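Following: one structure in structure tokens, then a few remarks.
The values are calculated or read from the model by the stated rules, or taken from the named source; none is laboratory data. What you see is a predicted model; the values in this text were computed from it and never measured. No Cβ is skipped: glycine too gets one built from the backbone with ideal geometry, and neighbour counts run over all protein chains shown. When the accessible area is computed, the model is the full protein with side chains, heavy atoms only, and any ligands, DNA or RNA have been set aside. Shrake-Rupley method; radii C 1.70, N 1.55, O 1.52, S 1.80 Å.
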Amino acid sequence: GMLALRSEGRAQDPSGKAVAVVLTTGMSTSRGQLIAGILWPRPLVFKFDQQLPVLFSLLGLVAMGYFIAAVRVVSRRWENPPIPVLWSYAQATVAGVISPVIASLLVVGQSAASKRLRNRGIFCLNPQRITVSGKVRCMCFDKTGTLTKTGLEFISVCPISDTARPKQIGDPIEVAKEGRPSSMDPKELLTQALATCHSVTMLDGHPIGNEVEVNMFTATRWSLTQASGALPVITSPDGEVGLSMVKRFDFDHVLATMSVVVTCAASDKFTCFCKGSAERLKSLCDPATVPPDFDAVCDAYASQGFYVL
């Protein structure tokens, strides 16, 4: 059920074949574990549930005392009371302390709460977690659109303005509705960074890969070609600039960055481009070169729901 998107062998091998080793399949993969976590959530350990056995134990001791007291009271008032009457009277006394339907009431309450949420368009796979929501005091939301919308749109890039002193982040370069830049900044390095710092590959003439990187690459209108056993080449729309990707360091979740090393065919100059989260890149940069409004601009876009790199 898997489709191999790209296969590359060693340059010394004329066949150009590569050997793929499958490490995990099915629920053992990261996406399989995510689906399994949704379908079969982990047992929830709530303090309220942990204390229920202690509560019922204490109520049982109290009910036992009432049971003995009820038997003695009935025995004193009646001479040789019938066993069924004595037992019924004692059971009624115990039922007043521990309700026999208390467990059912807990389940019915959770089911009723789940139904009310469903009527409002909120679905809960584990009704027991509804009890926990009543204890929530602080809630943090992740970026929206990951699960609610298919696909992403490349909006703009914000270059650093050299005219202001000290340096400030300039106005964003807008992108036309068809996904192409309406006006591209003349700074060639910024354009080259958008066109090369990614892990996009071509399949049947269409770019494939991470949705963010595909839209970023498509917005530049550059083209990507790669022959078997050769380095990927990224070419500008006018064909005047061609960059060869010498080395690519894929995205690392720990470092929260990825980088590429490219070289121009017309020179022997090597350039390294790096992209990642705003916080991570800021920590790697020289503080003297970071614009003073860096955090304010990033926070402003993030608060509007944009995915900021």
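A few remarks follow.
- Prolate/oblate/rounded call for segment 202-309, Cα gyration tensor, a/c under 1.5 rounded: prolate
- Share of carbon and sulfur in the accessible heavy-atom surface of segment 247-308 [1.4 Å probe, %]: 59
- Trypsin sites (Lys or Arg not before Pro) within segment 193-291, DSSP loop, no more than 14 other Cβ atoms inside 10 Å: 269
- Residue-wise HN-Hα coupling along segment 118-129, computed from phi with Karplus coefficients 6.51, -1.76, 1.60 (Hz; x: Gly, Pro): 5, 5, 9, x, 10, 10, 10, 7, 10, x, 5, 6
- In the assembled protein chains, residue 199 presents an accessible area of approximately 40 Å² (probe radius 1.4 Å).
- Loop-resident sites, segment 91-126, for trypsin sites (Lys or Arg not before Pro), counting at most 12 other Cβ within 10 Å (DSSP): 120
- Whole-Hz couplings from phi, Karplus 6.51/-1.76/1.60, listed for segment 59-69; x for Gly and Pro: 5, x, 5, 5, 5, 5, x, 5, 4, 5, 5
- Amide proton proximity set for residue 154, modelled H, under 5 Å, gap of 5+: none
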